[in-house]
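Asker: Below are the structure tokens for one structure; questions will follow.
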Amino acid sequence: MTTPEARTRVSRHARSSAAGRIRVSFEFFPPQTAEMEVTLWDAIGRLAPLAPLFVSVTYGAGGSTRERTHTTVKRILSETALTPAAHLTCIGATREDIDTVISGYVAAGVRHIVALRGDPQGGAGTPYAPHPGGYINAADLVGGIKRAADIEVSVSAYPEKHPDSPTVEADIDMLKAKVDAGASRAMTQFFFDNDLYFRYLDRVRARGIQIPIVPGILPVQNFKQARNFAARCGASMPAWLAERFEGLDDDVATRKLIAAAVAAEQVLDLVDRGVTDFHFYTMNRADLVFAICHLLGLRPAAKAAA
Ligand code: FAD
């Protein structure tokens with residue numbers, strides 16, 4: 001029988017041997033106001049020294065942030081040493097429009113696009129129909145990007161199935177189509193129960209898909225907001241998670257400590273089970289993500305080199 005002490009020793013060993021192999025990426029959204037822009041750049045400034053593999057910038061629903069995504073990505077390229085990945089969706093645009101966006105990114109020096117179908121213009125949960133003359137889905141878009149330029153393309157993956165998908169198998173068929181079209185990495189929708197991720201990973205591997213399926217981690221900065229996101233995107237919110245945040249609606253400081261503890265527990269368990277790559281949904285805030293990365297053994301590059 002393994003004692004709790006022995007299990008802890010094994011975990012610590014697994015974590016310290018994984019420390020040098022941990023790779024992270026950070027997701028940001030383009031700011032809407034001058035104030036949000038300051039918050040975003042504070043977060044980028046704090047997280048950049050952790051030397052992420054890449055930082056991605058989302059594309060607002062319906063392509064609504066097209067210009068702001070582009071501006072943010074270009075500023076990352078010109079003012080930092082970070083590698084940006086621009087999100088791009090198929091929504092509300094013809095192939096020609098999207099091809100123009102792709103060539104604009106390539107001309108600006110972008111070498112990584114996160115290709116998505118996107119939510120229907122009526123919002124998540126309303127029926128999706130491709131734009132007339134547009135890319136029909138994410139796999140089609142991946143193919144279009146790969147034909148336009150030899151750049152890296154990442155895609156989404158859904159451990160708990162995308163809400164539009166009739167079955168997990170249909171979802172994995174879509175992931176396979178995206179990989180066959182040239183995607184070389186998938187980042188998952190956020191999840192809180194690691195067993196769901198590993199069960200999904202087994203099914204993906206059994207389907208012959210070998211690309212990295214990087215867990216998407218959402219530090220719960222705001223429980224109510226996270227619960228709303230989860231309801232919209234088909235991610236489950238375990239009862240234990242709600243219990244941990246119970247009664248803390250007006251207690252920001254304690255909420256933050258709980259959020260750090262929850263996320264730390266999740267990522268350290270993933271490390272113990274062999275995961276080395278993580279994609280963080282930062283919500284444009286650095287502090288929780290920075291703390292979790294610290295626990296993962298990441299240190300600011302300048303200090304690590306000193
Ligand atoms: P896909 O892989 O294209 O499809 C997901 C599943 O839905 C598949 O199983 C597929 O078979 C099924 N499906 C697709 N279309 C249909 C259909 N017509 N009928 C039945 N089933 C169907 N959204 C944004 O707007 N901007 C972003 O920047 C953005 N970034 C994201 C980043 C990540 C890492 C993730 C996980 C999601 C992101 N999203 C973003 C959300 C995403 O656009 C939505 O979840 C969208 O509804 C699906 O697009 P997809 O490319 O993820 O899905």
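Asker: Condition first: among the hydrophobic types (A, V, I, L, M, F, W, C) and in contact (Cβ under 8 Å) with a residue 60 or more places away in the chain. Now tell me which residues in region 194-210 satisfy that. Even if it seems obvious, please write down each step before you answer.
Answerer: Taking region 194-210 as the starting set, the residues that turn out to be among the hydrophobic types (A, V, I, L, M, F, W, C) are 196, 198, 201, 204, 206, 209.
The answer is F198, and nothing else.
Asker: Among what's in region 51-67 and is more than 12 Å from the ligand (Cβ to nearest atom) and not aliphatic (A, V, I, L, M), pick the residue that is farthest from the chain's Cα centre (by Cα).
Answerer: Pass one, region 51-67, residues more than 12 Å from the ligand (Cβ to nearest atom): 51-55, 67.
Checking which are not aliphatic (A, V, I, L, M) leaves us with 52, 54, 67.
Values: P52: 13, F54: 11, E67: 21 Å.
By that ranking, first place goes to E67.
Asker: Now a separate question. Only residues that are away from the ligand (no atom under 16 Å from the Cβ) and in a loop (DSSP other than H, G, I, E, B): list them for region 74-90, please.
Answerer: In the first step, residues of region 74-90 are kept if they are away from the ligand (no atom under 16 Å from the Cβ); the result is 74-75, 77-83.
T80, A81, L82, T83 - these are the residues of region 74-90 that are away from the ligand (no atom under 16 Å from the Cβ) and in a loop (DSSP other than H, G, I, E, B).
Asker: Starting from residues that are in a loop (DSSP other than H, G, I, E, B) and touching a helix residue (DSSP H, G or I) at 6+ places or on another chain (Cβ under 6 Å), keep the ones in region 91-109 and report whichever is nearest to the ligand (Cβ to nearest atom). Let's see the steps before the verdict.
Answerer: The initial filter retains those residues of region 91-109 that are in a loop (DSSP other than H, G, I, E, B), namely 91-94, 109.
Right, trim to touching a helix residue (DSSP H, G or I) at 6+ places or on another chain (Cβ under 6 Å) and you get 91-93, 109.
On the way: I91: 7, G92: 10, A93: 12, G109: 20 Å.
Here the answer is I91.
Asker: Here is a check on your reading of the model: is V142 within 8 Å of the ligand (Cβ to nearest atom) and surrounded by 18 or more Cβ atoms within 10 Å (Cβ to Cβ)? Working first, answer last.
Answerer: Details: within 8 Å of the ligand (Cβ to nearest atom): no; surrounded by 18 or more Cβ atoms within 10 Å (Cβ to Cβ): yes.
Answer is no for this residue.
Asker: Further question: Could you grab me the full set of residues in region 153-171 that are assigned to a strand (DSSP E or B) and either within 10 Å of the ligand (Cβ to nearest atom) or touching a Ser or Thr at 6+ places or on another chain (Cβ under 6 Å) (or both)?
Answerer: Taking region 153-171 as the starting set, the residues that turn out to be assigned to a strand (DSSP E or B) are 153-157.
Correct list: S154, V155, S156, A157.
Asker: Give the residue, chosen from F29, F54, that is of a type in the set (F, W, Y) and either farther than 17 Å from A108 by Cβ or in contact with a Leu (Cβ under 6 Å, 6 or more places away or on another chain) (or both).
Answerer: Details: F54 fails: either farther than 17 Å from A108 by Cβ or in contact with a Leu (Cβ under 6 Å, 6 or more places away or on another chain) (or both).
One residue alone meets the criteria, F29.
Asker: Here's another thing I want to ask about it. Quick check, is R205 touching a strand residue (DSSP E or B) at 6+ places or on another chain (Cβ under 9 Å), surrounded by fewer than 16 Cβ atoms within 10 Å (Cβ to Cβ) and under 23 Å from V275 (Cα atoms)? Working first, answer last.
Answerer: Numbers: touching a strand residue (DSSP E or B) at 6+ places or on another chain (Cβ under 9 Å): yes; surrounded by fewer than 16 Cβ atoms within 10 Å (Cβ to Cβ): yes; under 23 Å from V275 (Cα atoms): yes.
Yes.
Asker: Can you work out which of the residues in region 199-216 that are within 17 Å of the chain's Cα centre (by Cα) and more than 19 Å from A86 (Cα to Cα) is farthest from the ligand (Cβ to nearest atom)?
Answerer: Taking region 199-216 and keeping what is within 17 Å of the chain's Cα centre (by Cα), we get 200-201, 211-216.
If we keep only those that are more than 19 Å from A86 (Cα to Cα) too, we end up with 200-201, 211.
Values: Y200: 12, L201: 15, I211: 13 Å.
Only one residue fits best here, namely L201.
Asker: Inside region 71-94, can you point out the residues that are surrounded by 16 or more Cβ atoms within 10 Å (Cβ to Cβ) and touching a Gly at 6+ places or on another chain (Cβ under 6 Å)?
Answerer: So the first thing to find is which residues in region 71-94 are surrounded by 16 or more Cβ atoms within 10 Å (Cβ to Cβ), and the list is 72-77, 82-93.
L77, T89, C90, I91, G92, A93 - these are the residues of region 71-94 that are surrounded by 16 or more Cβ atoms within 10 Å (Cβ to Cβ) and touching a Gly at 6+ places or on another chain (Cβ under 6 Å).
Asker: Still on this structure: Pairs under 6 Å by beta carbon, first residue more than 23 Å from F29 (Cβ to Cβ) and touching a residue at least 40 places away in the same chain (Cβ under 8 Å) in region 283-302, partner loosely packed, with under 15 Cβ neighbours inside 10 Å and small (G, A, S), six or more apart or different chains?
Answerer: G297/A19
Values quoted throughout were computed directly from the atomic coordinates according to the rules given, and no laboratory measurement underlies them. These numbers were taken from a predicted model, which means no experiment stands behind them. With ideal geometry, Cβ positions are generated from the backbone for all residues, glycine too; neighbour counts draw on all protein chains shown.
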